[in-house]
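**Q** There's a structure below that I have some questions on.
The values are calculated or read from the model by the stated rules, or taken from the named source; none is laboratory data. If you're wondering where the values come from, they're calculated on a predicted model, not measured in any experiment. No Cβ is skipped: glycine too gets one built from the backbone with ideal geometry, and neighbour counts run over all protein chains shown.
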Amino acid sequence: MTPDGVDFEKLSNDFLMNTYGERVISIVRGKGTKVWDSHGKEYLDLIAGIAVSTLGHCHPEIVDAIRKQAEILIHASNLYYTRPQAELGKKLIENSFADKVFFCNSGAEANEAAIKLSRKFGNGKYEIITMEGSFHGRTIVTLTATGQEKIKKGFAPLIPGFKHVPFNDLSAVEKVIGDKTIAVMIEPVQGEGGVRAAEAEFIVGLRRLCDERNLLLILDEIQCGLGRTGKLFAYEHYGIEPDIMTLAKPLGGGLPLGAALATERVSEVFTPGSHASTFGGNPVACSAGAATLEVILKENLAERAKTTGKYLFEKLCRLKEKHNLISDVRGKGLMVGIELNTPCKEIVKECALRGVLLNCTVETVIRFLPPLIVTEEEIDAGIKVLGEVLNEFNLHS
Ligand SMILES: Cc1ncc(COP(=O)(O)O)c(C=O)c1O
């Protein structure tokens with residue numbers, strides 16, 4: 001309920017399709033690592049809109065970029081050149097392995113573009129190998145690509161051309177490569193699948209295998225990219241480069257923006273008419289994106305994510321020593337998960353009610369995806385609340 005009496009929680013329940021389940025709190029305002037509800041209650045945001053608000057909420061340089069661009073041009077369509085799209089494209093290419101980029105509006109669309117690009121490149125080869133536990137989106141194609149049965153339930157028939165193998169198992173990938181295989185697609189760190197990082201030997205081995213068998217390596221860095229793991233892009237940890245990489249979430253600084261980046265050899269198969277998006281590369285979203293990337297680079301937030309991530313990881317390991325509900329702590333940089341030996345939904349809900357926002361994924365994993373600007377003091381404050389909640393759940397379980 002807002003001070004002027006609008007019960008938007010009720011309106012949401014009455015008028016919006018029920019795809020998101022119970023929402024414990026409402027958010028009306030954000031600044032830095034904090035958000036507030038309509039009663040003025042403050043929350044520490046350690047999930048950042050699921051890895052989106054990576055510079056924290058309403059970062060002044062993003063707000064300024066949005067305001068300036070909104071005053072001169074909000075939309076033009078891709079019938080015309082627009083400056084923000086070109087400038088963000090240049091920045092992404094200069095800072096990555098890629099030679100060309102295609103802009104869209106979301107992660108699922110970025111993966112759709114990557115899949116279409118692979119199929120066109122394949123010229124008759126179409127099969128893509130993806131990982132069990134992966135998450136690539138909710139469109140029919142990307143949910144088919146996703147290696148989790150619960151995401152697919154009720155949507156058959158799915159589309160042909162995807163095979164799933166166990167994550168981090170190179171010989172399993174090798175075994176399923178066939179005449180029609182064109183690509184292998186992985187998240188360097190699985191996010192929705194429970195915060196699981198690819199092992200170095202796996203990624204390096206995949207690159208070698210893809211080279212030997214003339215396959216494309218697609219990295220979905222939608223959740224782990226743009227500084228979160230301690231490098232600007234997660235592939236940089238492994239000394240390899242992909243053929244295609246997808247980005248979204250933090251890319252638009254909070255506005256909807258996705259991108260598929262590729263090498264020249266791959267991107268040249270997209271010719272006029274191959275693919276398109278009315279809103280893709282929208283001027284306001286790209287201006288916000290350019291400001292976001294600029295701040296990440298200028299302030300070396302990837303390095304900061306590495307240091308603060310290590311602090312978070314160590315603190316959680318100490319929490320694990322005190323709480324037998326925690327069975328594992330894992331992650332990379334500021335993408336960290338703790339596995340519980342009990343469902344975590346109610347624990348995450350209780351933390352939210354006590355002012356700390358986290359997320360529960362795959363039923364038993366509490367996920368931390370804080371803004372890259374989070375401080376050690378804020379991490380301490382968040383873990384203190386989580387520790388108290390775990391204590392109480394332990395007493396009652
Ligand atoms: C790794 C990964 N790929 C793709 C997606 C889909 O992105 P979107 O929800 O923007 O379509 C997500 C979203 O959580 C993701 O984490």
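**Q** For F102, all conditions in the list (1) in contact with a helix residue (DSSP H, G or I) (Cβ under 6 Å, 6 or more places away or on another chain); (2) assigned to a helix (DSSP H, G or I) hold save one; what is the number of the exception?
**A** Of everything listed in (1) in contact with a helix residue (DSSP H, G or I) (Cβ under 6 Å, 6 or more places away or on another chain); (2) assigned to a helix (DSSP H, G or I), F102 misses just condition (2).
**Q** Also, quick follow-up: Can you pull out the residues in region 290-317 that are more than 22 Å from D380 (Cβ to Cβ) and part of a helix (DSSP H, G or I)?
**A** Matches in region 290-317: A290, A291, T292, L293, E294, V295, I296, L297, K298, A302.
**Q** Next up: Residues to consider are G309, G281; find the one that is closer than 17 Å to F233 by Cβ, crowded, with 19+ Cβ neighbours inside 10 Å and not aliphatic (A, V, I, L, M). Before you say what the answer is, go through the steps one by one.
**A** Numbers: G281 fails: closer than 17 Å to F233 by Cβ.
It is G309.
**Q** Follow-up question, since we're still on this one. Looking at the structure I just gave you, is E199 in contact (Cβ under 8 Å) with a residue 40 or more places away in the chain, under 23 Å from I338 (Cβ atoms) and not hydroxyl-bearing (S, T, Y)?
**A** Numbers: in contact (Cβ under 8 Å) with a residue 40 or more places away in the chain: no; under 23 Å from I338 (Cβ atoms): yes; not hydroxyl-bearing (S, T, Y): yes.
Taking the combined requirement at face value, the residue does not satisfy it.
**Q** Still on this structure, please answer the following. Within region 348-357, does at least one residue satisfy the condition of being in contact with a Gly (Cβ under 6 Å, 6 or more places away or on another chain) and either polar (S, T, N, Q) or buried (at least 16 other Cβ atoms within 10 Å of the Cβ) (or both)? Show your work before the answer.
**A** So in region 348-357, the residues in contact with a Gly (Cβ under 6 Å, 6 or more places away or on another chain) come out as 356.
When the remaining residues are screened for being either polar (S, T, N, Q) or buried (at least 16 other Cβ atoms within 10 Å of the Cβ) (or both), the result is 356.
Yes, there is a match, as at least one residue in region 348-357 is in contact with a Gly (Cβ under 6 Å, 6 or more places away or on another chain) and either polar (S, T, N, Q) or buried (at least 16 other Cβ atoms within 10 Å of the Cβ) (or both).
**Q** Further, regarding this structure: Give me the pairs: first residue in region 107-131 and β-branched (V, I, T), second residue in a loop (DSSP other than H, G, I, E, B), beta-carbon distance under 8 Å, and six or more apart or on different chains, which are they?
**A** I128/G161; I129/I177; T130/H136; T130/T146; T130/G147
**Q** Hey, another quick one. Considering each of V184, V195 in turn, give the residue that is over 27 Å from A290 (Cα atoms), within 12 Å of the ligand (Cβ to nearest atom) and surrounded by 24 or more Cβ atoms within 10 Å (Cβ to Cβ). It would help to see each step written out before you state the result.
**A** Details: V184 fails: within 12 Å of the ligand (Cβ to nearest atom).
V195 is the lone residue from the list that is over 27 Å from A290 (Cα atoms), within 12 Å of the ligand (Cβ to nearest atom) and surrounded by 24 or more Cβ atoms within 10 Å (Cβ to Cβ).
Matching residues to (1) within 20 Å of K41 (Cα to Cα); (2) among the acidic types (D, E); (3) in a strand (DSSP E or B):
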| residue | (1), (2), (3) |
| --- | --- |
| I338 | no, no, yes |
| T342 | no, no, no |
| E350 | yes, yes, no |
| R367 | no, no, yes |
| I383 | yes, no, no |
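**Q** Quick check: anything in region 293-309 modelled with pLDDT of 95 or more, within 16 Å of the ligand (Cβ to nearest atom) and of a type in the set (A, V, I, L, M)?
**A** Of region 293-309, the ones modelled with pLDDT of 95 or more are 293-309.
If we keep only those that are within 16 Å of the ligand (Cβ to nearest atom) as well, we get none.
No, that holds for no residue.
**Q** Right, here's the next one. For region 124-179, enumerate the residues that are in contact with a strand residue (DSSP E or B) (Cβ under 8 Å, 6 or more places away or on another chain), of a type in the set (G, A, S) and part of a helix (DSSP H, G or I).
**A** Matches in region 124-179: A145, A172.
**Q** Hey, T271 hits all of (1) under 20 Å from D99 (Cβ atoms); (2) surrounded by 16 or more Cβ atoms within 10 Å (Cβ to Cβ) but one; which does it fall short on?
**A** Unmet condition: (2).
**Q** Could you tell me whether I66 is touching a Leu at 6+ places or on another chain (Cβ under 9 Å) and away from the ligand (no atom under 12 Å from the Cβ)? Step through it out loud before you land on a result.
**A** On the way: touching a Leu at 6+ places or on another chain (Cβ under 9 Å): yes; away from the ligand (no atom under 12 Å from the Cβ): yes.
So I66 fits the description; yes.
**Q** Looking only at region 134-158, filter to residues that are within 24 Å of the chain's Cα centre (by Cα) and more than 16 Å from the ligand (Cβ to nearest atom); which one of those is surrounded by the most Cβ atoms within 10 Å (Cβ to Cβ)?
**A** Of all residues in region 134-158, those within 24 Å of the chain's Cα centre (by Cα) come to 134-153, 155, 158.
Of the ones still in play, those that are also more than 16 Å from the ligand (Cβ to nearest atom) are 149, 153, 158.
Working: E149: 9, K153: 9, L158: 13.
For region 134-158, the residue satisfying everything is L158.
For every residue, the table says whether it meets (1) within 20 Å of K100 (Cβ to Cβ); (2) of a type in the set (V, I, T).
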position	(1), (2)
I182	yes, yes
V189	no, yes
V204	no, yes
L209	no, no
R213	no, no
G230	no, no
E236	yes, no
I240	yes, yes
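**Q** Among the residues of region 209-266 satisfying the criterion of being in contact with a helix residue (DSSP H, G or I) (Cβ under 7 Å, 6 or more places away or on another chain) and assigned to a helix (DSSP H, G or I), which is nearest to the ligand (Cβ to nearest atom)?
**A** Filtering first and then ranking leaves K249.
**Q** Tally time: how many residues in region 94-117 are within 15 Å of the ligand (Cβ to nearest atom) and farther than 13 Å from V266 by Cα?
**A** Final tally of qualifying residues: 10.
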